[in-house]
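The structure appears right after this line, and notes come after that.
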Amino acid sequence: MRTSGAASQFLSVSFVGSADREGTEERGGRGDHGGRSCPADQEGHPRGGEYQNALAAVGAKPDYSFSGLEGFISRKVLVEGLKRSGKDLTHARFIRSMEGIGDLDLGEYFVSYSPTNHNGSKYVDITVINKNGLFFN
């Protein structure tokens, strides 16, 4: 797009990670001002720190990614729903348990569910890929 003269910003919802950064570098850093929205993976932030610590605890290489962090958060929500379901797990009990989660704090990232809300979160964090292919908030 940049080669054809487009100067607009490009946005993506979720799943822009290191492969996308490498792609902008391969194109001469022309990914400037691209953005994406998802929970941030910030060093020292409760969400990112817990995710990074969990990977380190199992000996995983420190290859952090936005999609990895989103999966980590999703797993935490799933486990919470299973815990709330109790010992006699059924599909209906699991659904009721999930729909009963309100303001669950996952490290300054809150999720809430109800019978009419299955989105979980309304949080959006904008991360920009600058002209050098680096991420920043």
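Please go through region 112-134 and pick out each residue that is out of contact with any helix residue (DSSP H, G or I) (no Cβ under 6 Å at 6 or more places or on another chain) and assigned to a strand (DSSP E or B). Give the steps one after another, and end with the answer.
So in region 112-134, the residues out of contact with any helix residue (DSSP H, G or I) (no Cβ under 6 Å at 6 or more places or on another chain) come out as 112, 116-128, 130-132, 134.
If the condition is that a residue be out of contact with any helix residue (DSSP H, G or I) (no Cβ under 6 Å at 6 or more places or on another chain) and assigned to a strand (DSSP E or B), then SER112, ASN117, HIS118, ASN119, GLY120, ILE126, THR127, VAL128 are the ones that fit.
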> How about region 66-84: which of its residues are crowded, with 19+ Cβ neighbours inside 10 Å and among the small types (Gly, Ala, Ser)?
Replying inline: GLY81
>> Which numbered condition in (1) more than 29 Å from GLN52 (Cα to Cα); (2) of a type in the set (Asp, Glu); (3) in contact (Cβ under 8 Å) with a residue 40 or more places away in the chain is the only one that ASP88 fails?
In response: (3)
> Taking into account only those residues within region 101-111 that are surrounded by 14 or more Cβ atoms within 10 Å (Cβ to Cβ) and part of a loop (DSSP other than H, G, I, E, B), which is nearest to the chain's Cα centre (by Cα)?
Replying inline: TYR109
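Surrounded by 16 or more Cβ atoms within 10 Å (Cβ to Cβ), out of contact with any strand residue (DSSP E or B) (no Cβ under 8 Å at 6 or more places or on another chain), farther than 30 Å from MET1 by Cβ and at pLDDT 85 or above: does that describe SER97? Outline the logic, then answer.
Working: surrounded by 16 or more Cβ atoms within 10 Å (Cβ to Cβ): yes; out of contact with any strand residue (DSSP E or B) (no Cβ under 8 Å at 6 or more places or on another chain): yes; farther than 30 Å from MET1 by Cβ: yes; at pLDDT 85 or above: yes.
Judged against the criteria, SER97 is a match.
The values are calculated or read from the model by the stated rules, or taken from the named source; none is laboratory data. None of the values given here were measured: they were computed from a predicted structure. Heads up, the Cβs are rebuilt from the backbone with ideal geometry, glycines too, and the neighbour counts pull from every protein chain shown.
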